[in-house]
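Worksheet: one structure, shown below.
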Amino acid sequence: MDGLTYFLIASLLGIGIGAGVGRLLLIRSIQQRKNKSEEQAQLIIKEANMTAESIKKDKILEAKEKLLKLKTDFEEEAIRKKNQIISNENKLKQREQHLSRQMEKVDRKDQELESVRENLSTQMELVKRKREEMDKVKEQQVNILEKIANLSADEATEQLIETLRDEAKSKASSYIKDIVEEAKLSATKEAKKVVIETIQRTAPEHAIENCVSVFHIESDDIKGKVIGREGRNIRALESATGVEIIVDDTPEAIIISGFDPVRREIARLSLHRLVQDGRIHPARIEEIVAKTVKNIDEEIVEIGERTVIDLGIHGLHPELIKLVGRMRFRSSYGQNLLQHSREVAKLSSTMASELGLNAKLAKRAGLLHDMGKVWTEEPEMPHALVGLDLAKKYKEHPEVCNAIGAHHDEIEMTSMLSPIVQACDAISGSRPGARREIAESYIKRLKDLEALALEFDGVHKCYAIQAGRELRVLVDAENVTDQRATELSLDISQKIEKEMQYPGQIKITVIREMRSVNYAK
């Protein structure tokens, strides 16, 4: 081996020895660190045990304090409960003592009542014996009186009753006269005041309508166009409008006849438009009539809305507004139905306010009371009941419904507004000039009025004056006294109320005239 080889071997040996020494040093360092870590862990464990022991002691002390506090609270609560129980026992003892005293009082009262009951029974026996003795004495006295008067007790009783009856009748007549006079000074005066003021506040027009409308034309040549070839135009117009067109010799006029005023108005307006247009043939007639019907429907709604606005009525159903508008084209005995309903509404409102009632409901009922007359269908029921059904259908107030249904006495009146609406309806219908009346029925009513008064004994002559609103009765002065004349006026008025139908009221005046006639010769 040469020197280089020895050098290499020596280097390798040195490196191996150095690595072994380094490994030993590293192991010693790790061992030292491990020992230190174990010592630190032991210290930490020791400190943790000390801390845990301290916490344990603190918790034990805290638990003991809480236990001591709970024990103290329990003892205090027990003492309080014990005191409360003792107090309740004392109260119960006091109540028992009070009840015992009350029971003693009740026993004493029972004893007193028993003694009073015994005394009463004794007194009742005495009263019974006294009554029997009095009955015997009374019977003896009655026998004595019957022997003296030569009359039995029943006959004497009848004579006494007859005397008392005559006296009572005379006094009753005088009382009736005084009451009537007093009523005339108070009730009649106030009633007239209310009615007169109510009527004066409304100034309605005197409207008279009938079942015929007259359409004026400029010349008679237009009549031929209206009739058409072989009458086809007039037949088409009658068929479309439902009225009768009368074309006669009346100069410059065509008569439209029909019961329904709305149809007459549609026919009149259609004729007016056809005459202005000049084209009159069946197709054009149907077109114009259709447009007129639409315009009339719009006008009906407008009239209804304007009426409720003028009267200050709110919340009315649209269908009821249409019925109000249709009243404009309807008349009753020649009186326009809308004007009549407006007048009744105003009268009812004023009268209700005077009496302290609901004026708004009264006005509403007055406006709607005759709406059954303009219902498009034709039911068999009276118009008041039809109006009642319509009011219920459209959710009107119960008082308004009753006033509508009862204004002709078809149903019972259950509201104070019902007689007001009925009275105002009669006032509006019986107002002079408001309605027409057939002459025959008018004369018959006056004759029946006079004949009714002539049925009474002592009536000599009888005259119905002032359109049947006053009855003058002339009696025989020799057979009828002044007192009987007063009674006669009352009897006649009551019989008229029971047997006759009349608007408004009738004044009965009984006249007794005494004449003494002598002749100087």
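Read-outs: derived from the displayed coordinates by stated rules, not from any lab. Note that this is a predicted model, so its numbers are computed, not measured. For neighbour counting, all protein chains shown are included, and Cβ atoms are generated from backbone atoms with ideal geometry for every residue, glycine included.
Below 8 Å between Cα atoms, with a sequence gap of 6+, how large is the relative contact order for the range 322-364 in percent? Intermediate values should be presented prior to the final figure.
Working: 37 pairs, mean separation 11.0, N = 43.
The normalised contact order for the range 322-364 reaches 26 percent.
Any idea how far the Cα center of the range 234-306 sits from the one of the range 442-466, in Å?
Each part reduced to its Cα centre gives a spacing of 49 Å.
May I ask you to work out the translational diffusion coefficient for the range 61-107 at 25 °C, viscosity 0.890 mPa s, via Stokes-Einstein with Rh from the Kirkwood sum over Cα pairs, reported in whole µm²/s? Provide the component values of the computation, followed by the final result.
Details: Rh = 13.5 Å.
Calculated translational D: 181 µm²/s.
How big is the range 17-70 in terms of Cα radius of gyration and Dmax, in angstroms?
Just the Cα atoms of the range 17-70 yield Rg and Dmax of 23.3, 79 Å.
With 10 angstrom as the radius, rank T51, T292 by how many other C-beta atoms surround their C-beta, starting from the fewest. Intermediate values should be presented prior to the final figure.
On the way: T51 10, T292 23.
Ascending Cβ contact count within 10 Å gives the list T51, T292.
With 5 Å bins from zero, work out the P(r) of the range 352-425 over every alpha carbon pair and list the percent per bin.
Going out from 0 Å in 5 Å bins, the range 352-425 shows 3, 19, 31, 25, 14, 6, 2, 1 percent.
Quick one: net charge around K46, please, counting Lys, Arg +1 and Asp, Glu -1 for every other residue with C-beta under 14 Å from its C-beta.
Values: positive: none; negative: E38, E39, E47, E53.
Computed value for this residue: -4.
Hey, which of these cross-link pairs are over 22 Å Cα-Cα: K346/K498; K363/K498; K363/K395; K177/K495; K322/K395? List each step's numbers first, then the result.
Working: K346/K498 30 Å; K363/K498 30 Å; K363/K395 17 Å; K177/K495 18 Å; K322/K395 16 Å.
Distance filter (> 22 Å) returns K346/K498; K363/K498.
Over 10 Å intervals from 0, what percent of Cα-Cα pairs in the range 386-432 sits in each interval?
In order of increasing distance, the bins hold 30, 51, 18, 2 percent.
Please enumerate, by chain and number, the lysines with C-alpha under 19 Å from the C-alpha of K69, excluding those fewer than 8 residues away in the same chain.
Leaving aside lysines fewer than 8 places away in the same chain, those within reach of K69 are K57, K59, K81.
Give me the Å³ per residue figure for the convex hull around the C-alpha atoms of the range 30-184.
Details: hull volume 66.6 nm³, N = 155.
So the per-residue Cα hull volume is 429 Å³.
Within straight cross-link reach of K147, meaning Cα distance under 21 Å, which lysines are found once same-chain residues fewer than 8 apart are removed?
Qualifying lysines at Cα under 21 Å: K136, K138.
Grab the eigenvalues of the alpha-carbon gyration tensor for the range 253-335, scale each by 5, take roots, and send me the semi-axes largest first in whole angstrom. Working shown, then result.
Working: eigenvalues 165, 47, 18 Å².
Semi-axes (√(5λ), whole Å): 29, 15, 9.
Taking the alpha-carbon set of the range 209-313, what are its Rg and Dmax in Å?
15.0, 53
Where does the charge balance sit around E399 when Lys and Arg score +1, Asp and Glu -1, over other residues with C-beta under 15 Å from its C-beta?
On the way: positive: K360, K363, R364, K392, K395; negative: E396, E412.
Result for the neighbourhood of E399: +3.
Can you tell me the Rg and the Dmax, both Å, for the Cα atoms in the range 439-512?
When restricted to Cα atoms, the range 439-512 yields Rg and Dmax of 11.9, 38 Å.
Could you state the orientation-averaged shadow area of the convex hull built on the Cα atoms of the range 26-119, in nm² to one decimal? Intermediate values should be presented prior to the final figure.
Details: hull surface 40.8 nm².
That works out to 10.2 nm², a quarter of the Cα hull's surface.
Which order do D297, D58 fall in if you start with the one that has the fewest other Cβ atoms within 10 Å? Display every interim value, and only then the final one.
Working: D297 15, D58 10.
Ranked by crowding around the Cβ, least crowded first: D58, D297.
For a quick check: sort D370, D491 by the number of other beta carbons within 10 angstrom, fewest at the front. Intermediate values should be presented prior to the final figure.
Details: D370 24, D491 15.
Going from sparsest to densest Cβ surroundings: D491, D370.
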